[in-house]
Amino acid sequence: MNSLSIKNLSKTYENGTQAIDHLSLEISNGMFGLLGPNGAGKSTLMRTIAALQEPTSGIIEFNGINILENPMFIRQNLGYLPQEFGVYPKISAYRLLDHLAILKGIFNKKERHDQILYLLQQTNLLQHKDKAVHSFSGGMRQRFGIAQALLGNPKIIIVDEPTAGLDPEERNRFNNLLSEIGESIIVILSTHIVEDVRDLCTKMAIISNGKLILEGNPNEAIDSLKEKIWSKAIHKNELKEYQKHFNIISSHLNSGKINIHVFSNQQPDSGFELTSPDLSDVYFNILSQNQLKN
């Protein structure tokens, strides 16, 4: 069983921006979802775990080893798919994986060859092994990104906003791949797409302004909102008035009207109907509560 322990981590940039604020997390094997709005500090946290930058203070331990003191240890055990994954032009998928495998220290030619073919097959790219990666579709490129992240049999994988911009079919295929990978190692899924965490992860955390504001099991978090989420369809021009009187946690257009969700222990007024909560309600409710505190 692998373990990642983050203790009281903070990161302040030279311009004074505090991207991570005394954050602590315990992560073990399986899919772990890291949710938060853009600018919440997710990418900063991922880069710090990957030893691509140093924190201002705090400790990160992987399998009992302090990786801030021993950054090579995490690099040897890590697969990383950043939000922006650049590729060399006019280089085939096979040749690029071969190059990256050498950079990861896989010097035995047969071992590289066997591992590359296995990973291309696992990511459903074997038939495209001789095509230039820069010509791949968005979904194919993301699957190639997972293939390169899996080189060297890592014990922890970080994927940062992996399904942003993918069509529903590619997103589903990519999520199935992640789910298979996450059975025996740590996979940290950093995203602002709530559905990906709901579908894939047994544990999650929500961060905002660099702070941890919720940690736990997605289903348990959803259960905590049972009989507390009320919905109502209103006209667009009524939204501001409703915002004055009710704790609206989210709103979305539906058939020309706005459907609002309100958090309340009792029926807000006669026009509201009780609705079954989902992870989006958990997410927006906790963010709303956090904004009120600040």
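The values are calculated or read from the model by the stated rules, or taken from the named source; none is laboratory data. These numbers were taken from a predicted model, which means no experiment stands behind them. Every residue, glycine among them, receives a Cβ derived from its backbone with ideal geometry; neighbour counts consider all protein chains shown. Remember, those area values only see protein heavy atoms, side chains included, never the ligands or the DNA or RNA. Shrake-Rupley method; radii C 1.70, N 1.55, O 1.52, S 1.80 Å.
Listed by chain and number, the lysines placed with their C-alpha closer than 23 angstrom to that of LYS109 are LYS90, LYS129, LYS131, LYS155; residues fewer than eight positions away on the same chain are left out. Around the amide H of TYR80, modelled in the peptide plane, lie the amide H atoms of ILE158, all under 5 Å away and 5 or more residues distant in sequence or on another chain. Between amide H atoms placed 1.01 Å from N, distances below 5 Å from ASN247 occur with PHE263, all of them 5 or more places distant or on a separate chain. Charges were assigned to the Cβ only: +1 to each Lys and Arg, -1 to each Asp and Glu. The resulting dipole of segment 3-221 about its Cα centre is roughly 700 debye.
Calculated FRET efficiency, SER184 and ASN219, Cβ-Cβ r, R0 22 Å, to nearest 0.05? Each step should come with its number before you reach the end.
Numbers: r = 22 Å, r/R0 = 1.01.
After rounding to 0.05, the efficiency reads 0.50.
Summed over qualifying helices (DSSP H, 4 residues or more, each -39500 (n - 2.57)) and divided by its residue number, the chain shows a 222 nm mean residue ellipticity of -10000 deg cm²/dmol.
The residues SER3, SER264, sorted by heavy-atom accessible surface at 1.4 Å with ligands and nucleic acids left out, run SER3, SER264 from largest to smallest.
Heavy atoms only, probe 1.4 angstrom, no DNA, RNA or ligands counted: give me ARG112, ARG173 ranked by accessible area, highest first.
Numbers: ARG112 25, ARG173 85 Å².
Ranked from most to least accessible, the order is ARG173, ARG112.
Nonpolar atom fraction for the chain, defined as the carbon and sulfur part of the 1.4 Å probe accessible area, stands at 47 percent.
Quick one: of the DSSP bridges fully inside the chain, what percent are antiparallel, nearest 5?
Numbers: 34 of 53 bridges.
Antiparallel: roughly 65 percent of the beta bridges in the chain.
Charge dipole of segment 222-292 (Cα centre as origin; +1 on each Lys and Arg Cβ, -1 on each Asp and Glu Cβ, all else neutral): 240 debye, rounded to the nearest 20.
The distance linking segment 16-43 with segment 162-221 is 12 Å (Cα centroid to Cα centroid, whole angstrom).
For the chain, the solvent-accessible area of protein heavy atoms averages 51 Å² per residue (probe radius 1.4 Å; ligands and nucleic acids excluded).
The figure for ARG198 is an accessible area of roughly 110 square angstrom, using a 1.4 Å probe on the protein chains alone.
One chain, two ends: GLU273 and LYS244. Fully extended at 0.36 nm per residue, the span grows by 8.5 nm beyond their Cα-Cα distance. For ILE249, the solvent-accessible surface computed with a 1.4 Å probe is close to 20 Å², ligands and nucleic acids excluded. The alpha carbon centroids of segment 228-294 and segment 109-140 are separated by 46 Å.
Please work out the FRET efficiency for the pair ILE59 and GLU14, using the Cβ-Cβ distance as r and a Förster radius of 25 Å; give the result to the nearest 0.05.
Computed FRET efficiency for ILE59 and GLU14 comes out at 0.70.
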